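The next block holds one structure in the form of structure tokens; read it before the comments.
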Amino acid sequence: MVLKIDNVIPKEQPAREHTPEERALVLRLGVYINMRWLIVLMIVLATLVSSRVFHIGFSTGPVYIICGIIAAYNLGFVRQARSLQAGEVGQVIKRAQTSGNIQIVLDLVMLTILLHYTGGIENPFIFFYLAHTIAASILLPQRTAYSLATLAVLAVTLLILLEYYAVIPHVNLVGFVLDSRYKDASRVTGVLVALATLIYGCTYVITAVTGELRRRQKEMVRLRDQLLERRTMELEQASSEIVKLEDERRRFVRFLGVVAHDLQSPLVATQSFISYILDGFTGKITDGQRDLLERGVRRIDGLLTLITDLLDIPRIETGQIAREMREITLNEVVKRSLEGLDNLAQQKGIALKVELPERPLKVNGASRRLQQVLTNLVSNAINYTNEGNVLVRVTENKSDVRVEVIDSGIGILPEDMPRLFNDFFRGSNVGSKGTGLGLSISKRIVEAHGGKIWAESPDPETQKGSRFTFTIPKK
Amino acid sequence: MKERPKILVVDDDVDLVAVMKGTLESKPYEVIVAYNGKEGLEKAKKEKPDLILLDIMMPVMDGFNFAEQFGKEPSLSKIPVLALTSFSESLGQPFPFQVAEYLRKPLKPKELIAKVEEHLKKKGS
């Protein structure tokens, strides 16, 4: 089945968010449109008050018509502003500025016409040209703002001059100012100069401020993008390094596998050969020969264990255990470990006891590795105990499972305690059996599981032998 | 059970293969040998042995790969496979199909014969 992509991705969703500059411009345009409603209302009110309350004489008809026209085009701009908000990124600024430009020119024309019908230079609202100048300076680029300021100055100058030279009739605000003021050259000049100065002054100040604001917004966006880019680069770099490390780790573990195989194969083969002789496949051997061959087998056994242990350490330290972890039942692990050790205990005449809860103890662990720890601790306990018993006790509390291996053996000398879990450490009170790596590997395994391991001697309960305890966090 | 059951030994260690062959041939067994997994698989298909002794770590095709290919052959699936592992091999890796038993190297000749007899008997019964 072919999936229609058009149905999956909503079309109206913009490719990315509007920039701060775009958002600010749309917002300002909205404010300007709202202001226009207010001004229409104010014109209507001012007309009502001046004609009804102050009885200023002028014909109000044209004023209301102009108000109607302004209201009508403002409705259009409201709609346009809405479409702008949902507009496509990148085109918003251009569209908003074009719209602002049109709005201001329209407003200037309307104001000039309105002013003509309401007394021209006599009307103090002549200073409302400033409002458009301010709007233009806020909304539009500097050059456009200056052009519109010039347009305003030209419009008002044209109106006043046309009335001054009687090209168009002058509407007098009867009862508000004396007629003929519009023909007073010095006054007309004064008002025009003051207005023009104000218009240009405002444009200068406001464009300077908004220009700075716009620059800062752009700078902010640039910095943000730069920061994002750098972060992405750093992340990419870090992840490629992780991939490289993981690759190296894998190669190292494979290398260890080959080393183990190549070191052990000849030993294993040699041992097989010797056992063929010992089993009489090559004819009868004397007791002296048997003794020497058996010593040889034991030495090779020791060497095989040492190789396994030595190669285990880097395997554990490169995080191999985490890869082997599954949800396991610790009860099973304990049972399996002890199965192999029953024989050893029997040979030494030692009782091997287990206290294990009935209910399954679930932990997150590498079962073969935990079995290795238990085998190590229990075989140590058996080896260093000449009479009595070895007890394996498993208990649990809220957060972890605790495994104790308690023996009644020769115990550990106090001076040996601090070094017990060190690599190649062998107790001062034992013959040099073993590689001296068993406990240090056990410690690494337990710690890789997030647990702890420690020893006490003598066992605090029985005051004999020693007690090894390790914990594994519960799942 | 056949008069002389056929046993396939797959191991890259020439010396070990020689002693295993010698041991098994001292009993009434016919022994075929292969020195890597690929060869072992070919011989298994051709000779249809009664039992296979399989080393896990081998060049060309190791025991894991061998076992995977082997498991896909319905004609071979009845043949018991005894896997030979030395100390630190196959750690933590699950075997892709059921091995009858894992035997740890070094294997004493008497043990080897006992295990082979045990599994042949099991298969025959």
Look at the range B:42-57 and say how many of its residues are away from chain A (no Cβ under 13 Å) and open to solvent by less than 80 Å² (accessible area, probe 1.4 Å).
8
Just name the residue that is nearest to the other protein chains (Cβ to nearest Cβ) out of those in the range A:254-267 that are more than 14 Å from B:PRO106 (Cα to Cα), of a type outside the set (Phe, Trp, Tyr) and open to solvent by 80 Å² or more (accessible area, probe 1.4 Å).
A:ASP262
Would it be correct to say that A:VAL390 is β-branched (Val, Ile, Thr), free of Cβ contacts under 8 Å to residues at least 60 places away in the same chain and in a strand (DSSP E or B)?
yes
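Results for (1) without any contact (Cβ under 8 Å) to a residue 60 or more places away in the chain; (2) part of a helix (DSSP H, G or I); (3) within 14 Å of another protein chain (Cβ to nearest Cβ); (4) open to solvent by 70 Å² or more (accessible area, probe 1.4 Å), shown as yes or no for each residue.
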{"residue": "A:GLY211", "(1), (2), (3), (4)": "no, yes, no, no"}
{"residue": "A:MET220", "(1), (2), (3), (4)": "no, yes, no, yes"}
{"residue": "A:ARG230", "(1), (2), (3), (4)": "yes, yes, no, yes"}
{"residue": "A:SER239", "(1), (2), (3), (4)": "yes, yes, no, no"}
{"residue": "A:GLU246", "(1), (2), (3), (4)": "yes, yes, no, no"}
{"residue": "A:PHE252", "(1), (2), (3), (4)": "no, yes, no, yes"}
{"residue": "A:ALA269", "(1), (2), (3), (4)": "yes, yes, yes, no"}
{"residue": "A:SER275", "(1), (2), (3), (4)": "yes, yes, yes, no"}
{"residue": "A:GLY280", "(1), (2), (3), (4)": "yes, no, yes, no"}
Just to be sure I understand the filter: pairs with C-beta atoms under 7 Å, separated by 6 or more residues or on different chains, first member in the range B:1-28 and under 19 Å from B:ASP55 (Cα atoms), second member small (Gly, Ala, Ser) and part of a strand (DSSP E or B). Which pairs pass?
B:LEU8/B:ALA34; B:VAL10/B:ALA34
The number of residues in the range A:351-369 that are open to solvent by 40 Å² or more (accessible area, probe 1.4 Å) and either out of contact with any strand residue (DSSP E or B) (no Cβ under 7 Å at 6 or more places or on another chain) or basic (Lys, Arg) (or both) is 5
Pairs under 9 Å by beta carbon, first residue more than 10 Å from chain A (Cβ to nearest Cβ) in the range B:102-115, partner outside any strand (DSSP E or B) and open to solvent by 50 Å² or more (accessible area, probe 1.4 Å), six or more apart or different chains?
B:LEU103/B:GLU111; B:LEU103/B:LYS115
Given (1) surrounded by fewer than 17 Cβ atoms within 10 Å (Cβ to Cβ); (2) in contact (Cβ under 8 Å) with a residue 60 or more places away in the chain, index of the condition A:THR395 fails:
(2)
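The rows are residues; the columns are (1) at pLDDT 95 or above; (2) open to solvent by less than 10 Å² (accessible area, probe 1.4 Å).
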site	(1), (2)
A:GLY409	no, no
A:ILE412	no, no
A:ASP416	no, yes
A:PHE421	no, no
A:SER432	no, no
A:GLY438	no, no
A:THR462	no, no
A:PHE468	yes, no
A:LYS475	no, no
Within the range B:1-41, count every residue that is in contact with a Phe, Trp or Tyr (Cβ under 8 Å, 6 or more places away or on another chain) and either within 14 Å of another protein chain (Cβ to nearest Cβ) or not in a helix (DSSP H, G or I) (or both).
14
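How many residues does the range A:93-115 contain that are β-branched (Val, Ile, Thr) and either open to solvent by less than 10 Å² (accessible area, probe 1.4 Å) or not in a helix (DSSP H, G or I) (or both)? Write out each step before concluding.
Filtering the range A:93-115 down to residues β-branched (Val, Ile, Thr) leaves A:93, A:98, A:102, A:104-105, A:109, A:112-113.
Subset that is either open to solvent by less than 10 Å² (accessible area, probe 1.4 Å) or not in a helix (DSSP H, G or I) (or both): A:104.
Looking only at that region, the number is 1.
Please give the helices (runs of 4 or more DSSP H) falling wholly within the range A:1-92 in which 3 or more residues are within 31 Å of the chain's Cα centre (by Cα) and either surrounded by fewer than 17 Cβ atoms within 10 Å (Cβ to Cβ) or modelled with pLDDT of 80 or more (or both). Let's see the steps before the verdict.
On the way: elements: A:5-8, A:20-48, A:61-85.
It comes to A:5-8, A:20-48.
Only one residue in B:PRO74, B:PRO94 is modelled with pLDDT under 85, within 14 Å of another protein chain (Cβ to nearest Cβ), open to solvent by 70 Å² or more (accessible area, probe 1.4 Å) and assigned to a loop (DSSP other than H, G, I, E, B), so which one is that? Before the answer, list the steps.
Values: B:PRO74 fails: within 14 Å of another protein chain (Cβ to nearest Cβ).
Being modelled with pLDDT under 85, within 14 Å of another protein chain (Cβ to nearest Cβ), open to solvent by 70 Å² or more (accessible area, probe 1.4 Å) and assigned to a loop (DSSP other than H, G, I, E, B) holds for just one of B:PRO74, B:PRO94, which is B:PRO94.
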(1) in a helix (DSSP H, G or I); (2) without any contact (Cβ under 8 Å) to a residue 40 or more places away in the chain; (3) closer than 25 Å to A:SER367 by Cβ: which one isn't true of A:GLU415, the others all being true?
(3)
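Here are some residues: A:ASN364, A:ASN397, A:ASN380. Which one is modelled with pLDDT under 95 and more than 20 Å from A:LYS474 (Cβ to Cβ)? Full working, then the answer.
Working: A:ASN364 fails: more than 20 Å from A:LYS474 (Cβ to Cβ); A:ASN397 fails: more than 20 Å from A:LYS474 (Cβ to Cβ).
Matching residue, one of A:ASN364, A:ASN397, A:ASN380: A:ASN380.
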Within the range A:316-356, track down each residue that is touching a residue at least 40 places away in the same chain (Cβ under 8 Å), in contact with a Ser or Thr (Cβ under 9 Å, 6 or more places away or on another chain) and of a type in the set (S, T, N, Q).
A:SER337
Check whether at least one residue in the range A:433-441 is assigned to a loop (DSSP other than H, G, I, E, B) and on the phi > 0 side of the Ramachandran plot, and report yes or no.
yes
At pLDDT below 80, under 30 Å from A:GLY319 (Cα atoms) and either away from every other protein chain (no Cβ under 14 Å) or assigned to a helix (DSSP H, G or I) (or both), is that true of B:PHE66?
yes
In the range A:323-339, what count of residues is obtained for those that are closer than 26 Å to A:GLY388 by Cα and open to solvent by 60 Å² or more (accessible area, probe 1.4 Å)?
4
Would you confirm whether or not the range A:142-152 contains a residue that is touching a Leu at 6+ places or on another chain (Cβ under 7 Å) and more than 20 Å from A:LEU25 (Cα to Cα)?
yes
Considering A:ILE138, A:ILE113, A:ILE121, which residue is under 26 Å from A:THR98 (Cβ atoms) and in contact (Cβ under 8 Å) with a residue 60 or more places away in the chain?
A:ILE138
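The values are calculated or read from the model by the stated rules, or taken from the named source; none is laboratory data. Note that the structure is predicted; figures quoted are calculated from it, not measured. Note: ideal-geometry Cβ built from the backbone for every residue, glycine included; neighbour counts use all protein chains shown. To get the accessible areas, we keep the full protein, side chains included, count just its heavy atoms, and leave off ligands, DNA and RNA. Shrake-Rupley method; radii C 1.70, N 1.55, O 1.52, S 1.80 Å.
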